[in-house]
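The values are calculated or read from the model by the stated rules, or taken from the named source; none is laboratory data. Fair warning: this is a prediction, and the values are worked out from it, not measured in the lab. Cβ placement follows ideal geometry from the backbone for every residue including glycine, while neighbour counts extend to all protein chains displayed. What goes into the accessible areas is simple: the full protein's heavy atoms, side chains included, and nothing from ligands, DNA or RNA. Shrake-Rupley method; radii C 1.70, N 1.55, O 1.52, S 1.80 Å.
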Amino acid sequence: MIKNYIKTAFRSLYKNKGFTTINILGLALGLLSCLSIVLYVVDELSFDKYNVNHDRIFRVNEDLKLGDNKVDYAVAMPPLAKTMKAEYPYVLEATRIKTAGTTHVKKGDLIVVENHIAFADASIFSVFTLPMISGDPKTALKDPNTVVLTETTARKYFNTTEAVGKTIVFNDNQNFKVTGVIKDIPKQSHFNFDFFVSLESFPDSRSNEWLRSDYNTYVLLKDKDYAKQLEASFPAFLQKFSGAQMQSELHMSYDQFEKSGSYFRMNLTPLDDIHLKSARTGELGPNSTVQYVYIFSAIAIFILLIACVNFMNLSTARSANRAREVGVRKVLGSSRQHLIFQFLAESVMVTLFATVIALFSAIALLPLFNQLAGKEIVLTVQMFTWIIPVLFAIVLIVGALAGSYPAFFLSAFQPIAVLKGKLSTGFKSSFLRNFLVVFQFGVSILLIIGTLVIYNQLNFIQTKNLGYNRSQVLVVQNAYELGNQASIFKQELTELPGVKATTMTGFLPTSGWKNTRIFFKDASLNQKQSMFPQTWDVDADWIPTLDMKMAQGRNFDKNIATDSSAVIINEAAAKFLGFNDKAIDKELYQSLGGKTELANTKLYHVVGVVKDFHFNSLREKIEPVVLKLGQNNGALSIRVSATNLPALMSQIKAKWSSLSPSLQINYSFMDQDFDTIYKSEQRVGEIFVVFTTLAIVIACLGLFGLAAYAAEQRTKEIGIRKVLGADVTSIVSMLSKDFVKLVVIALVISAPLAWYLMNKWLQDFAYRIQIQWWVVAAAGAGAILIAVITNSFQSIKAALANPVNSLKDQ
Amino acid sequence: MIKITNLEKFYRTEEVETIALNKLSMHVDTGEFVAIMGPSGCGKSTLLNILGMLDDPDEGSYVFNDIEVAHFNERKRADLRKHNIGFVFQSFNLIDELTVFENVELPLIYTGVSASERVKRVEEVLDKMQIMHRRNHYPQQLSGGQQQRVAIARAVVNKPKLILADEPTGNLDSSNGNDVMELLTDLNEQGTTIIMVTHSEHDARYSHRIIRLLDGQTVMENIMV
């Protein structure tokens, strides 16, 4: 019997090649999208799961509020780790990581710039699962001047993973002994380092200061259920250990501090949540957001549903053609169950074909998808142990889902009715089919609007006046490597024709350099009137080079001696301090650390207010900024003229080489740096476009098939109408009207929903667009246009057919 | 074999009620060959559908082989049908996706006959119908006469006691039509009861008895000699 089902199914599919192609293609596209997104989501969800104890590892964070300043840190106090381990019996292990920034590493005569270097406690290997290939994980980072390398790094410097005992030289003169080589850290890790240097080498690590936070601190608990208990004990813990320092430095007790409206708290982030749910200050690397996991999962389900709907629609639309077969089978003694099984076998077979195609194309397109999504997903044999069963389940579920309606619908036919040809009204009467078409187009319109809004917002970001001019600015990122010669380099470049201005500092709106200091508004040093602004050391050329505008006062002037104690603040700072438009000559006291008293502060006076400029992502509001005249050779920014840039570039490179023959110049353009800030949004935008296009293509395939059957069903009607004098246009419009009506209904339903959802997304941006009415209009018009074009292929064909043929048919 | 008494069947649309069968009574004995004739709309097809248990009557009694089947549910009717009745249609109603062999095999599959037995019986009947050489062809590749012979083969492969034929020659030329009538006569002579609806007086002459219907009632019965 099964054989007969499969045989009939196969022949029927073969006979209706067009229909089968549309069905398989649509489903395969749907499954392909779904599969790709599943890989993406699984990858996102698998972050840090490589750690055997991932569910028992927590990061300890600090939340600080001082007056109106509030910062949530991903880092904690230097002595916290060892204190927690000593204090809590259920804290089995505690470890700290601290990024080391850019470091020069010697490789023979070459100097390599390394960015992925971290300091770590010896206990790091007891908390995280970082398998050691050679060396002893228990002792590897116990001593000062020891370093553990990853496999790849060991090969890079020593051409072997047997590097233990060898010496590596940092910053020209610091010798470190390699005491271990670990396997490369999986890509699915919230931190990624090539070197772990023992924290013992770093004197600050022994600091006993409880009022500052700069170490990423992780604890391994005996059981994850202790986390609640641990968090509950934090206030008492803090009071016990930081109370004394607070009293001596801030002149207040922990309670008084809290009463004054400020706070100083600790909390835990489970390791499993860091990648998707944590966006604190001092993260070890950029994290993702769980929002996108939700959005993409929803898209995957939508696309799969659209593909299933196609299947159901096309199969039932075809029902009239298969009705006779059903009738004959029933007359010959087939029961309803037999027929249901037969149709289900057919749809499971189609799904199976589609799944096989989807699987192979997903594998083939994975590199492309990785590029699109910015991922490095690799399919491993291990992954197939879940992919295959999942696909099998999908085949059965989707096959049954897509096939169930046609199966039950077709098998319920009354044999005499169909054998007498009384079933030609089958097409028009299906409410369910109309509902499904509305659903498909509703989802498509939703996706179109989503894409348009995301693109508009991205475009808004790209073209927004940022308060500075990022085009034609060349940034030499490693200017600091010139050391004392950096200023000579700056001077020499300034003299080049084509160079308009230069400024030397690492603090740039696009650099991501942050430096926060505490300022008080007056000599009372009232911490309620304190401010936590970004405090940047710049030179007098900074504002002109970046093409910023002054709102009040003037720029720094090298020739005015008192400018060494001058500051320029931004409008946000002026507003925060209540200076508003009378900021000039106001005083600011910068805290130099230690006790809060006048002796520990430095007095500045405001000489200008620069117009607000964006330096964070546009998701965030502009923070207060204080600019001081200072020495910082972090980077050299050069405003160049657009004419003959290549020639100018080679002149700049030549100047660099003359000053530093052994070092490579490392430069970028400021507008590129800017774009990298929005890379994740850009990515999401692109992924959206790809999957929206796919969704629309799938929906169109379905509509194309439906239109074909609608026209076929009405062949006789069209024939009669033509005999009676109808022209092609009127017939095409008659056939299109039905579908257009459905698309309009879909628009009415999905437009408000899309509006609501996209507004929610936009709330994440401090600076955002309003959704324009034309976006909805364009999406609607687009969907209708697509529907009409798809439909007219079929209806024009039907309308052009010779009526004699269709009438003779009966 | 068949005894129907006061059979009634109505068709209702929203406003009109049409009487298709009006207190119709008749009987058919085992081994008979009965032709049913009458103008369009007289209820011939309705009667045939009820006799074939494809449809149920609204009123009256239908006794098939001493079993009252008038109010059987669909499943019971289907069961009785597949073991006892074969159908031959004017438009053949072969399944296009199946070969000649597979079309004929289908009723045997539904009655659960084993595969080896099926091959034997299908070959036997195809041989008898002289279309063995066409066994692997698809219906579209056959002439009308050949298609109807396949349909008859399919109707008899299960050795039904009753064959219901609905204008079996309606789509055939006269020579092919005659062949089909000869086939039916042969089957009848071997003991199969046949009830045939026809418009053709020529075809009707092959039968033992003609029942003429008008407006859902028997108006005349001719016994053929």
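Could you name every one of the helices (runs of 4 or more DSSP H) located completely within segment A:663-723 that has at least 3 residues being in contact with a strand residue (DSSP E or B) (Cβ under 9 Å, 6 or more places away or on another chain)? Can you show your working first?
Values: elements: A:670-677, A:679-713, A:715-723.
Qualifying helices (runs of 4 or more DSSP H): A:670-677.
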(message) Let me spell it out: the conditions are (1) touching a helix residue (DSSP H, G or I) at 6+ places or on another chain (Cβ under 6 Å); (2) open to solvent by 30 Å² or more (accessible area, probe 1.4 Å), and A:V293 meets all of them except one. Which number is the exception?
(response) (2)
(request) Could you list all residues from segment A:274-287 that are open to solvent by less than 40 Å² (accessible area, probe 1.4 Å) and touching a helix residue (DSSP H, G or I) at 6+ places or on another chain (Cβ under 6 Å)? (result) A:L276
(request) Hey, could you check segment A:692-705 for residues that are open to solvent by 10 Å² or more (accessible area, probe 1.4 Å) and not β-branched (V, I, T) and say which is nearest to the chain's Cα centre (by Cα)? (result) A:L694
(request) Give the residues of segment A:137-178 that are charged (D, E, K, R), in a loop (DSSP other than H, G, I, E, B) and open to solvent by less than 70 Å² (accessible area, probe 1.4 Å), sorted by residue number. (result) none
(request) Counting only residues that are over 16 Å from the mean Cα position of the chain (by Cα), give me the strands (runs of 3 or more DSSP E) lying completely in segment B:178-225 with at least 1 of them. (result) B:209-214, B:217-223
(request) Quick one: in segment A:327-360, of everything that is within 10 Å of chain B (Cβ to nearest Cβ), touching a residue at least 60 places away in the same chain (Cβ under 8 Å) and open to solvent by less than 20 Å² (accessible area, probe 1.4 Å), which residue is farthest from A:G399 (Cα to Cα)? (result) A:V331
(message) Looking at A:N208 and the list (1) surrounded by fewer than 17 Cβ atoms within 10 Å (Cβ to Cβ); (2) part of a helix (DSSP H, G or I); (3) touching a residue at least 60 places away in the same chain (Cβ under 8 Å), which single condition is not satisfied?
(response) (2)
(message) Can you say whether A:N633 is touching a strand residue (DSSP E or B) at 6+ places or on another chain (Cβ under 6 Å) and part of a loop (DSSP other than H, G, I, E, B), as far as the supplied structure shows?
(response) yes
(request) Just one of (1) surrounded by fewer than 18 Cβ atoms within 10 Å (Cβ to Cβ); (2) within 12 Å of chain A (Cβ to nearest Cβ) trips up B:N49, so point out which. (result) (1)
(request) Just give me the residues in segment A:126-136 being open to solvent by 30 Å² or more (accessible area, probe 1.4 Å) and either under 15 Å from A:H54 (Cα atoms) or hydroxyl-bearing (S, T, Y) (or both), in sequence order. (result) A:S126, A:T129, A:P131
(request) Provide a single number: the residues in segment B:97-122 that are open to solvent by 30 Å² or more (accessible area, probe 1.4 Å) and either of a type in the set (A, V, I, L, M) or out of contact with any helix residue (DSSP H, G or I) (no Cβ under 7 Å at 6 or more places or on another chain) (or both). (result) 7
(request) Could you run through segment A:234-280 and say how many residues are under 30 Å from A:Q188 (Cα atoms) and among the aliphatic types (A, V, I, L, M)? (result) 6
(message) Looking at the structure I just gave you, is A:L474 open to solvent by less than 30 Å² (accessible area, probe 1.4 Å), in a helix (DSSP H, G or I) and closer than 18 Å to A:I665 by Cβ?
(response) no
(request) Out of A:A778, A:A783, A:A798, A:A766, report the one residue that is touching a residue at least 12 places away in the same chain (Cβ under 8 Å), touching a Lys or Arg at 6+ places or on another chain (Cβ under 8 Å) and in a helix (DSSP H, G or I). (result) A:A798
(message) I'm trying to understand the selection: among the residues of segment A:558-589, which are surrounded by 20 or more Cβ atoms within 10 Å (Cβ to Cβ), closer than 12 Å to A:V607 by Cα and not small (G, A, S)?
(response) A:V567, A:I568, A:I569, A:N570, A:L588
(request) Provide a single number: the residues in segment B:18-46 that are closer than 14 Å to B:I210 by Cα, surrounded by 15 or more Cβ atoms within 10 Å (Cβ to Cβ) and of a type outside the set (F, W, Y). (result) 9
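So which of B:V63, B:V28, B:V16 ends up being more than 20 Å from the chain's Cα centre (by Cα) and among the hydrophobic types (A, V, I, L, M, F, W, C)?
Checking each option against the conditions leaves just B:V16.
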(request) Go through A:S750, A:S795 for me and flag whichever is of a type in the set (G, A, S), modelled with pLDDT of 80 or more and crowded, with 17+ Cβ neighbours inside 10 Å. (result) A:S750
(request) Counting only residues that are within 14 Å of chain B (Cβ to nearest Cβ), crowded, with 18+ Cβ neighbours inside 10 Å and among the hydroxyl-bearing types (S, T, Y), give me the helices (runs of 4 or more DSSP H) lying completely in segment A:1-120 with at least 3 of them. (result) A:2-15
(request) Quick one: count up the residues across segment A:450-471 that are within 22 Å of A:L762 (Cα to Cα) and either open to solvent by 30 Å² or more (accessible area, probe 1.4 Å) or over 20 Å from the mean Cα position of the chain (by Cα) (or both). (result) 11
